[in-house]
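Novice: One structure follows; several queries about it will come next.
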Amino acid sequence: CTGTSSTAIQHAVEAGHYSEAGAVDQTECPRGTYSSTTASPECTDCAAGQYCDEYAMTGGKGCPKGTYCEGGNEQPTDCPKGTYNDQEGSINSTSCLPCRAGFYCNPRTETPILKCDAGFLCLRGADSPRPVDGEKGMECPAGRYCLEGALSATECPLGTFRPNKGGAQESDCQNCTKGMMCTKTGLETPDKECVAGYFCPEGQSIPQLYKCPKGYYCPNGTAGDSPGDTNAGKRCANGKESTTTGLSECTDCPAGD
């Protein structure tokens, strides 16, 4: 009512405002509230699923994806890191779901699109591209490699091994050591010595593949520089000979030789 009013009701309060009894002017609804009707004596808290970020609002704004609004919000509440929300109008934090495996989620994520770094595995709820807590993720295990955004680790192939964590691509798997064999996938170390009578160059996975050359003998674990190495193994001692391939020890020379 103004000072010249002769009635109890003179001017109706506009929507987005309120007026208490005896007031001489209307007051804007504060942030977090609204008034959708005229002649309102009070403002209403912004509804759940909406937010009211301005003064004198006549209705709330829909809570966007990646957030939630429990009611009376001046601003949406971000879903925390490690979660996402692909729905609008969410009313509480239960709408924030754990980030999908292979991805990590920053606060206010709508849909997981950020892939886990190569060399790491992001499990559900990951909040970092390189998680290492074992619950939300880990460094790629030894004997394996993990591509960007991988859902699981890939075993190093036959003929290779990897002793350390953090493999990011297949080339991070090392060729099997000379004189050894890597006969299984996913090895952290070579699993067998080269068979006697044969030699093993780098990257060997098949036993009894390269026979010891003539003039040499090859005990267990004999290395070779290449598949065609004609000097692999050990030379026969005086009085011993090796006239055929594939020997694990030399034979005595015939009498008179």
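Novice: Go through G239, G246 for me and flag whichever is closer than 18 Å to E193 by Cα and not aliphatic (A, V, I, L, M).
Specialist: Within the list G239, G246, the selection yields G246.
Novice: Now for a different question. Restricting attention to segment 68-76, does a residue exist that is part of a loop (DSSP other than H, G, I, E, B) and under 14 Å from D127 (Cα atoms)?
Specialist: no
Novice: Here's something else I'd like to know. What residue, of T160, T111, is surrounded by fewer than 20 Cβ atoms within 10 Å (Cβ to Cβ) and in contact with a strand residue (DSSP E or B) (Cβ under 8 Å, 6 or more places away or on another chain)?
Specialist: Testing whether each residue is surrounded by fewer than 20 Cβ atoms within 10 Å (Cβ to Cβ) and in contact with a strand residue (DSSP E or B) (Cβ under 8 Å, 6 or more places away or on another chain) leaves just T111.
Novice: Also, I was wondering about something else. When the residues of segment 40-86 are narrowed to those that are open to solvent by 40 Å² or more (accessible area, probe 1.4 Å) and of a type in the set (S, T, Y), which ends up nearest to P129 (Cα to Cα)?
Specialist: So, considering only residues that are open to solvent by 40 Å² or more (accessible area, probe 1.4 Å) and of a type in the set (S, T, Y), the one nearest to P129 (Cα to Cα) is T77.
Novice: Tally time: how many residues in segment 147-162 are in contact (Cβ under 8 Å) with a residue 24 or more places away in the chain and not in a loop (DSSP other than H, G, I, E, B)?
Specialist: Qualifying residue count, segment 147-162: 3.
Novice: Here is a follow-up. Return yes or no: is C146 buried (at least 20 other Cβ atoms within 10 Å of the Cβ) and farther than 30 Å from S226 by Cβ?
Specialist: Against the criterion (buried (at least 20 other Cβ atoms within 10 Å of the Cβ) and farther than 30 Å from S226 by Cβ), C146 qualifies.
Novice: For segment 200-221, enumerate the residues that are under 13 Å from T177 (Cβ atoms), in a loop (DSSP other than H, G, I, E, B) and in contact with an Asp or Glu (Cβ under 9 Å, 6 or more places away or on another chain).
Specialist: Passing the criteria: P201, E202, G221.
Novice: With (1) outside any loop (DSSP other than H, G, I, E, B); (2) buried (at least 17 other Cβ atoms within 10 Å of the Cβ); (3) not basic (K, R) as the list, and T94 as the residue in question, which single condition is left unmet?
Specialist: Status for T94: all satisfied but (2).
Novice: So which of R100, R124 ends up being surrounded by fewer than 17 Cβ atoms within 10 Å (Cβ to Cβ), touching a Pro at 6+ places or on another chain (Cβ under 6 Å) and not polar (S, T, N, Q)?
Specialist: That would be R124, the only listed residue that is surrounded by fewer than 17 Cβ atoms within 10 Å (Cβ to Cβ), touching a Pro at 6+ places or on another chain (Cβ under 6 Å) and not polar (S, T, N, Q).
Novice: In segment 163-185, what residues are within 27 Å of C122 (Cβ to Cβ), of a type in the set (G, A, S) and either touching a residue at least 40 places away in the same chain (Cβ under 8 Å) or crowded, with 19+ Cβ neighbours inside 10 Å (or both)?
Specialist: G166, G167, A168
Results for (1) under 24 Å from C156 (Cβ atoms); (2) crowded, with 17+ Cβ neighbours inside 10 Å; (3) hydrophobic (A, V, I, L, M, F, W, C), shown as yes or no for each residue.
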residue	(1), (2), (3)
L187	yes, yes, yes
E193	yes, no, no
K214	no, no, no
G233	no, yes, no
A255	no, no, yes
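Novice: One residue is enough: does segment 21-28 have a residue meeting the conditions of a type outside the set (V, I, T), touching a residue at least 40 places away in the same chain (Cβ under 8 Å) and surrounded by fewer than 21 Cβ atoms within 10 Å (Cβ to Cβ)?
Specialist: no
Novice: Further, regarding this structure: Just to be sure I understand the filter: pairs with C-beta atoms under 6 Å, separated by 6 or more residues or on different chains, first member in segment 54-79 and free of Cβ contacts under 8 Å to residues at least 24 places away in the same chain, second member part of a loop (DSSP other than H, G, I, E, B). Which pairs pass?
Specialist: Within 6 Å, the pairs are C69/G49; C69/C63; C69/P76; E70/A48; E70/N92.
Novice: Got a sec? Which of A237, A196, A168, A255 is part of a loop (DSSP other than H, G, I, E, B) and either acidic (D, E) or in contact with a Ser or Thr (Cβ under 8 Å, 6 or more places away or on another chain) (or both)?
Specialist: It is A196.
The values are calculated or read from the model by the stated rules, or taken from the named source; none is laboratory data. The model shown is predicted, which means the values in this text are computed figures rather than measured ones. Virtual Cβ from ideal backbone geometry, glycine too; neighbours counted across all protein chains shown. SASA here: full protein model, heavy atoms, side chains in, ligands and nucleic acids out. Shrake-Rupley method; radii C 1.70, N 1.55, O 1.52, S 1.80 Å.
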